[in-house]
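The values are calculated or read from the model by the stated rules, or taken from the named source; none is laboratory data. Quick caveat, the model's predicted, so the values are computed rather than measured. Positions of Cβ are generated from backbone atoms using ideal geometry, with glycine treated the same way; all protein chains shown enter the neighbour counts. SASA here: full protein model, heavy atoms, side chains in, ligands and nucleic acids out. Shrake-Rupley method; radii C 1.70, N 1.55, O 1.52, S 1.80 Å.
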Amino acid sequence: MTVATDASYPPCDYMNDQNQIDGFNHDVLMAMADRLGIVIKQRSLAFDGLLPGVQAGRFPAAMECITDNEEREKQVTFVDYAYAVKGVMTTSSNPGRVTENPLSLCGLKAGVQTGTEFVDDAARYSKNCEKSGKQPLAVTNFPTAADQNTALRSGRVDLAFTDLATGEWQKKVSNNAFSVFTSPLMARTYVGIVVKKGDTELAEALRSALVAMIEDGSYGEIMKSWSLSDIALDTPGINLASTKPLELPQLCGACGK
């Protein structure tokens, strides 16, 4: 089975020094293949092509820390396997103007990756700014997270929205060139493997493989090896964004100041 990904988003999925796809998603997927008794290969493409590719039947599934939300559930089915905690990333040389206070971002230049839920997050920040009588964010979309990070490091944008685990990874591999933090306007979400809407047989097979991994401890070992135990999901499920929704953040002006 071929599973699509966007191998430019560590530690979810990325190309390692041997030019092979690596990451905690890769490790989870390979362990699932063993339990399913099949061979799984990954194919990398742009993030905004993942859901349409599954919908069109070009590949049966996609896995790349894809956020499960109710709007996407109208298009595809999610087999949720972990949480995601979102954050704001800036450079370590940032002179203190970007903080956990959402209003500190007002009027600044923000980077987001095209096709991700961070596009909606940036819009929420802008709405929060306008509610407080301040300028919205000036948002630039980038095709990949790598392009976004390059723009941030070069000063073309002041900040970027990212998964917190990815931000911490970028901080580590850049010798602390980046700084990343949580924010009160950023929701904790589920991430899942995407399959074609209505493909209940494949969705249930993938969920059962995840359950087996949790029961035998291999899932926990993988998450621990990537220092991601805090986002491990105790019970995988299907379309959890709608069947077991998490609390969404509210506009809050200067909350987190």
- Message: Using the Cα centre of the chain as origin and beta-carbon charges of +1 (Lys, Arg) and -1 (Asp, Glu), tell me which of LEU159, VAL191, ALA31 is placed farthest towards the positive end of the dipole.
- Response: LEU159
- Once all Cα-Cα distances of segment 1-100 are split into 10 Å bins that start at 0, what whole-number percent is in each one? 14, 40, 30, 12, 4, 0
- Query: Among VAL119, VAL180, VAL194, which one moves the most in a GNM of the chain with springs linking Cα atoms closer than 10 Å?
  - Reply: VAL119
- Two-decimal log10 I(q)/I(0) for segment 209-257, as the Debye equation yields it once each C-alpha is a single scatterer, q = 0.15, 0.23, 0.24, 0.31 Å⁻¹: -0.60, -0.88, -0.91, -1.11
- List, in order, the whole-Hz ³J(HN,Hα) value for each residue of segment 9-18 obtained from phi through the Karplus relation with A = 6.51, B = -1.76, C = 1.60 and θ = phi - 60°; use x for Gly and Pro. 9, x, x, 5, 8, 6, 8, 7, 5, 8
- Heavy atoms of LEU45: accessible area, 1.4 Å probe, square angstrom to 10: 40
- Item | Whole-Hz couplings from phi, Karplus 6.51/-1.76/1.60, listed for segment 150-158; x for Gly and Pro | 5, 5, 5, 5, 7, x, 6, 10, 8
- Kirkwood Rh, the chain, all Cα pairs: how many Å? 18.7
- Which value, in Å² rounded to 10, gives the accessible area of ARG58 with a 1.4 Å probe and all protein chains present? 150
- Among the lysines, which fall within straight-line cross-link reach of LYS127, defined as a Cα-Cα distance under 16 Å, with same-chain neighbours fewer than 8 residues apart omitted? LYS109
- Query: Size of the dipole of the chain about the Cα centre, Lys and Arg at +1 and Asp and Glu at -1 on the beta carbon, nothing else charged, in debye to 20?
  - Reply: 920
- Gyration tensor (alpha-carbon) shape descriptor, segment 174-250, a/c threshold 1.5: oblate
- Message: Run the helix sum for the chain: -39,500 (n - 2.57) per DSSP H stretch of 4+ residues, divided by residue count, reported at 222 nm to the nearest 500 deg cm²/dmol.
- Response: -9500 deg cm²/dmol
- Kindly report, to the nearest 10 Å², the accessible surface of THR243 as traced by a 1.4 Å probe over protein heavy atoms only. 100
- Item | Karplus 3J(HN,Hα) series, Hz, for segment 175-181 with 6.51 cos²θ - 1.76 cosθ + 1.60 (x for Gly, Pro) | 6, 6, 6, 10, 10, 9, 8
- Name the most mobile residue of SER183, SER218, SER154, meaning the one with the largest mean-square fluctuation, in a Gaussian network model of the chain with Cα contacts below 10 Å. SER154
- Query: Using +1 on the beta carbon of Lys and Arg, -1 on that of Asp and Glu, and nothing else charged, what's the dipole of segment 120-247 about the Cα centre, debye to 20?
  - Reply: 600
- Return the long-range amide H neighbours of GLN42 (sequence gap of 5 or more, or a different chain), with a cut-off of under 5 Å between placed amide H atoms. VAL3
- Across all directions of projection, what mean area in square nanometres is found for the Cα convex hull of segment 1-60? 4.1
- Item | In degrees, nearest ten, helix 200-216 long axis to first principal axis of the chain (Cα) | 90
- Item | Hits among aspartates and glutamates - C-alpha to C-alpha of LYS41 under 20 Å, sequence gap 8 or more where chains match | ASP6, ASP13, ASP17, ASP22, ASP27, GLU64, ASP80, ASP199, GLU201, GLU204
- Find which of ALA123, GLY53, VAL180 sits farthest along the positive direction of the dipole of the chain, computed with +1 on the beta-carbon of Lys and Arg, -1 on that of Asp and Glu, about the Cα centre. ALA123
- Relative contact order (%) - segment 7-59, alpha-carbon pairs under 8 angstrom, separation at least six: 22
